[in-house]
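J.: Dumping the structure here so I can ask a few things about it.
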Amino acid sequence: MRHLAQLIIFIIFSGCSAGDDSANNSNNSNNWNNVNNTTNNTNNTSNTNNLNNSNNNNNANNTNNLNNSTADDRTSLLCLDARPEPSTYFMSADDSNSQAQPAWLRELILDRAVTRADLAGIPPREYEFLNYYSFDFTSGTPGSLAINPELAQDPDGSYRLLVGLTAYKVSAAGRRPFNFTFSIDTSGSMDGTPLETAKDIVRTICAAMEPGDVVSIVDWDFYTHTLLSQHVIQGPDDQTVSQSLSQLSASGATNLYRGLVKAYEIANANYSTAYLNRVILISDGNANVGVTEADLIGQEAAKEEGDGIFLIGLGTSDIFDHEFMDTVTDLGKGAYLYIPDAAEAEKMFSGSRVYANTEIAALNVRLQVTLPSMFVVREFHGEQISSIPTEVRPQHLSPNDSMLYHLQLEDCGSEEEETGFIFTATWQSPFSGEPRTLSRTLTLSELLLAPATNLEKADLVIAYARLLVNASSLSAEDQETRRLDLLGQINTYLETSEDPDMMEISAVLEAF
């Protein structure tokens, strides 16, 4: 198996309809309350930890569904599952590059393209918001990760926990040379803004290249054509690349499957263990000719992944098919971004962020958290959580990046003052394939005495993500009250911080 260099495919989509992807995740990743405590109830037929799981097919008799209960009722029912011994949960926050929803919703709201009612009911992807915005965690040492937990207690006695798994840093000085293959959809549906945005993305990524890096360009509609093959970059404004992009125009039918297969073919033909090999497949996702089923496209990506080819998708229009994108990238163990214009391309693929969105620091990352006795998980704002490790799909982590896990906990009667929390990260080296493990144990008092500045920001980001899609099913009046309250909290936060992320969120909430 190849370990010295990994291959990633980026898909840039731009036209499709919005969809609900909750069926794709075995533990219902969009269900923010689903703890899925299978240790206490293997079949989950009457799971008191399943707080809001209306779509879980295994939950055949969820008599303790807490949607309409009071806060005290929820706590009482949660505590029925509290255990006198420590409880261990395995968690996934999705790939650290999955960050499409915040940019997509931001653009819709700022462009006045939607109303609050239009967004209501869209499954919130809180973990994508946590991935998208920046946090200040201690970085891992080269070849390793850092475990950064933060904890705070609420007035009602519950706790908020944030764990950041942070990779090591990579810069231009220490990076591997690039070998990137662009596969660009030039079918009729890409005409106009989608194709121009695709060109902007190519220009931005190539501007981050240095002399000696290698680029190839393939365009396709129903047929495929090679414009550049193994071209050695001469500088950040390479004229050969610019001339190739100027030849692109949109017409004809779309064969996304053929474009995907061609991308893998070119990637393998030009593969070099000395380079960072990446394939960038640019398409609007309208696979209307050939094999169009998302499952089959995803299976092709999964088959190739055994040779180190991963799949990442990018969306470029406001009509965005989350279900299709999530299916393809989940099967390909990759992630996806939303790139509506040249400014967002510059933001996501320049400076240190280009390495966060192209490199791999750790494969198959999974977090294991052992809670003290009588502690239970009330809410989890990630993709998957379970007491059974095989039910949580590991994900990949990039350098210059973190995976964030955000939880709300209930203490149902712990008596030991120095109760311990154990955090364990497992992963594989992308270069040797060797398994790695890192653990950190902290007492409750140690966690509460430590700074929690990242947790404070994460709380605001989570509240923002849920408000935009009205995840709590608030009335119009209550949603407006919540918006004004959140704006006030963010303005208070900005009194002591010039955080550009919070400034962006404030602007969106003002327009919402």
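The values are calculated or read from the model by the stated rules, or taken from the named source; none is laboratory data. What you see is a predicted model, and the numbers here were worked out from it, not measured in a lab. Here the Cβ is made from the backbone with ideal geometry for all residues, glycine too, and neighbour counts use every protein chain on show. Side chains are part of the model used for accessible areas, which takes the heavy atoms of the whole protein and leaves out ligands, DNA and RNA. Shrake-Rupley method; radii C 1.70, N 1.55, O 1.52, S 1.80 Å.
J.: Can you tell me which residue in the range 295-317 is modelled with the highest pLDDT, limited to those that are of a type in the set (D, E, K, R) and surrounded by fewer than 18 Cβ atoms within 10 Å (Cβ to Cβ)?
T.: D295
J.: Please name all residue pairs, on different chains or six or more residues apart, with Cβ atoms under 9 Å, provided the first residue is in the range 240-269 and is touching a residue at least 12 places away in the same chain (Cβ under 8 Å) and under 12 Å from T181 (Cα atoms) and the second residue is open to solvent by less than 60 Å² (accessible area, probe 1.4 Å) and basic (K, R).
T.: A267/R278
J.: Inside the range 349-373, can you point out the residues that are open to solvent by 10 Å² or more (accessible area, probe 1.4 Å) and touching a Phe, Trp or Tyr at 6+ places or on another chain (Cβ under 9 Å)?
T.: First, pick out the residues of the range 349-373 that are open to solvent by 10 Å² or more (accessible area, probe 1.4 Å): 350-353, 355, 359, 363-364, 366, 368, 370, 373.
L363, N364, R366, Q368, T370, listed by residue number.
J.: What are the residues in the range 121-157 that are open to solvent by 10 Å² or more (accessible area, probe 1.4 Å) and basic (K, R), if any?
T.: Those that are open to solvent by 10 Å² or more (accessible area, probe 1.4 Å) and basic (K, R): none in the range 121-157.
J.: When the residues of the range 100-159 are narrowed to those that are polar (S, T, N, Q) and touching a helix residue (DSSP H, G or I) at 6+ places or on another chain (Cβ under 7 Å), which ends up nearest to P372 (Cα to Cα)?
T.: Q153
J.: Any chance the range 392-402 includes a residue that's at pLDDT below 90, within 19 Å of the chain's Cα centre (by Cα), among the charged types (D, E, K, R) and open to solvent by 20 Å² or more (accessible area, probe 1.4 Å)?
T.: yes
J.: Still on this structure, please answer the following. Given (1) among the hydroxyl-bearing types (S, T, Y); (2) open to solvent by 70 Å² or more (accessible area, probe 1.4 Å); (3) touching a helix residue (DSSP H, G or I) at 6+ places or on another chain (Cβ under 6 Å), where does T273 come up short, assuming only one miss?
T.: So the condition that T273 fails would be (3).
J.: F182: touching a residue at least 60 places away in the same chain (Cβ under 8 Å) and either closer than 20 Å to L363 by Cα or open to solvent by 30 Å² or more (accessible area, probe 1.4 Å) (or both), yes or no?
T.: Against the criterion (touching a residue at least 60 places away in the same chain (Cβ under 8 Å) and either closer than 20 Å to L363 by Cα or open to solvent by 30 Å² or more (accessible area, probe 1.4 Å) (or both)), F182 does not qualify.
J.: If you don't mind, there's one more thing I want to ask. Do the conditions hold for E410, that is, is it acidic (D, E) and within 28 Å of N277 (Cβ to Cβ)?
T.: no
J.: Could I ask something else about it? Which residues, counting only those in the range 237-270, are of a type in the set (G, A, S) and open to solvent by 20 Å² or more (accessible area, probe 1.4 Å)?
T.: S242, S246, S249, A250, S251, G252, A253, A269
J.: From the list R483, R466, which residue is of a type in the set (D, E, K, R) and either within 30 Å of P394 (Cβ to Cβ) or within 20 Å of the chain's Cα centre (by Cα) (or both)? Step through it out loud before you land on a result.
T.: Details: R483 fails: either within 30 Å of P394 (Cβ to Cβ) or within 20 Å of the chain's Cα centre (by Cα) (or both).
The match here is R466.
So that you can scan it fast, the table gives a plain yes or no per residue for (1) modelled with pLDDT under 95; (2) open to solvent by 30 Å² or more (accessible area, probe 1.4 Å); (3) closer than 24 Å to P389 by Cβ; (4) not in a loop (DSSP other than H, G, I, E, B):
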{"residue": "Y89", "(1), (2), (3), (4)": "no, no, yes, yes"}
{"residue": "D94", "(1), (2), (3), (4)": "yes, no, yes, no"}
{"residue": "W104", "(1), (2), (3), (4)": "yes, no, no, yes"}
{"residue": "G164", "(1), (2), (3), (4)": "no, no, yes, yes"}
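J.: Of everything in the range 195-230 that's more than 20 Å from E346 (Cα to Cα) and touching an Asp or Glu at 6+ places or on another chain (Cβ under 8 Å), which residue is most open to solvent (accessible area, probe 1.4 Å)?
T.: Per the stated criteria, the residue is H225.
J.: Got a sec? Which of L448, L455 is touching an Asp or Glu at 6+ places or on another chain (Cβ under 6 Å) and touching a residue at least 24 places away in the same chain (Cβ under 8 Å)?
T.: L455
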